[in-house]
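One structure is given here, and the rest of the page talks about it.
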Amino acid sequence: DAGITQSPRHKVTETGTPVTLRCHQTENHRYMYWYRQDPGHGLRLIHYSYGVKDTDKGEVSDGYSVSRSKTEDFLLTLESATSSQTSVYFCAISPGTGAYEQYFGPGTRLTVT
Amino acid sequence: QQQVKQSPQSLIVQKGGISIINCAYENTAFDYFPWYQQFPGKGPALLIAIRPDVSEKKEGRFTISFNKSAKQFSLHIMDSQPGDSATYFCAASKTSGTYKYIFGTGTRLKVLA
C-alpha cells in the first residue's frame, strides 16, 4: 500500500461523539487526500492537503475537518458523528509536481450507531 | 460538469473473454484518466492511466482506449481471468492545481471459471 497506514482500521462509535482517523505516510509525498466510499457513489473527496498546514475542502466536506501539522500525517475529524457518516474512509497520497498518480491506503471502516 | 459516468454497474464474463468498462466525462479541462482495481477489503490500486495525447495505452492484458472528441474512455481486459474479479473505478483529473480526482461509481466484474 505504497507506505501508507491508516488507523484505526475499524471503529464503531455512537452518534454525537467526535472521531479522529489518522493517515500516516512514509513516502514524503506532498499531496494527501481523504475519501469516503459508499455503495453506488464510488469514491468521493472529503478534504485534501497540498502541504503542511495547507488544506482545502472536497465535494463532501460538511461535518468533517482535517489537519496536517507534519508532512507524514493527515488527520480527519468527524466533529459529531452521525449515522450518515457510516462509511469506509480511504486516505491517498500523491507526489504531485508532474506525477499525478494517487496511491491509496488500506481504509478505515467506520460504523456510527 | 464535474461528473464521470461509468457503465456498466456490474459485468459477468467467461474466463478467456474480453471485459469492457466505459466512462464518459464532461469537463474538457480533464487531462489525466486513471483506472483503479479494488479487491474486497482493500484499498483501490492504480492499474493503468492515460493522457489525451494518445488514443490507446496497453499494459499486459489491460488496455485503455481514449476518444477525446467523444469525451469517453474505456478499459479493456483481454483474456479475462477469475483473478480479475474485482471492482474497477475510472477517474478523471486535471494535471494542474491540486490533482483532485473525480471518480466514476464503479463496475463490479465477475469472471467465471
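Give the residue that is most open to solvent (accessible area, probe 1.4 Å), with candidates limited to residues of region A:83-113 that are on the phi > 0 side of the Ramachandran plot and outside any strand (DSSP E or B).
A:Thr97
If I ask for residues that are part of a strand (DSSP E or B), of a type outside the set (Ser, Thr, Tyr) and open to solvent by 70 Å² or more (accessible area, probe 1.4 Å), which ones from region A:7-28 would you list?
A:His10, A:Lys11, A:Val12, A:Arg22 - these are the residues of region A:7-28 that are part of a strand (DSSP E or B), of a type outside the set (Ser, Thr, Tyr) and open to solvent by 70 Å² or more (accessible area, probe 1.4 Å).
Give just the number: which of (1) within 9 Å of another protein chain (Cβ to nearest Cβ); (2) of a type in the set (Phe, Trp, Tyr); (3) open to solvent by 10 Å² or more (accessible area, probe 1.4 Å); (4) under 12 Å from the mean Cα position of the chain (by Cα) does B:Tyr99 not satisfy?
(4)
This table checks each residue for (1) away from chain A (no Cβ under 14 Å); (2) part of a strand (DSSP E or B); (3) exposed (fewer than 14 other Cβ atoms within 10 Å of the Cβ); (4) out of contact with any strand residue (DSSP E or B) (no Cβ under 7 Å at 6 or more places or on another chain).
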| residue | (1), (2), (3), (4) |
| --- | --- |
| B:Asn22 | yes, yes, no, no |
| B:Thr28 | yes, no, yes, yes |
| B:Phe33 | no, yes, no, no |
| B:Gly41 | no, no, yes, yes |
| B:Ser69 | yes, no, yes, yes |
| B:Tyr88 | no, yes, no, no |
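Which residues, taken from region B:43-65, are open to solvent by 20 Å² or more (accessible area, probe 1.4 Å) and either charged (D, E, K, R) or more than 14 Å from every other protein chain (Cβ to nearest Cβ) (or both)?
B:Arg51, B:Asp53, B:Val54, B:Ser55, B:Glu56, B:Lys57, B:Lys58, B:Glu59, B:Gly60, B:Arg61, B:Phe62, B:Ser65
Being over 15 Å from A:Gly105 (Cα atoms) and assigned to a strand (DSSP E or B) is the filter; apply it to region A:29-43 and report the residue that is least open to solvent (accessible area, probe 1.4 Å).
That would be A:Gly42.
The values are calculated or read from the model by the stated rules, or taken from the named source; none is laboratory data. In this text, all values refer to a predicted model and were calculated from it rather than measured experimentally. FYI the Cβ positions are ideal-geometry reconstructions off the backbone, even for glycines, and counts take in every protein chain you see. The area values use the complete protein model at the heavy-atom level, side chains included, leaving out ligands, DNA and RNA. Shrake-Rupley method; radii C 1.70, N 1.55, O 1.52, S 1.80 Å.
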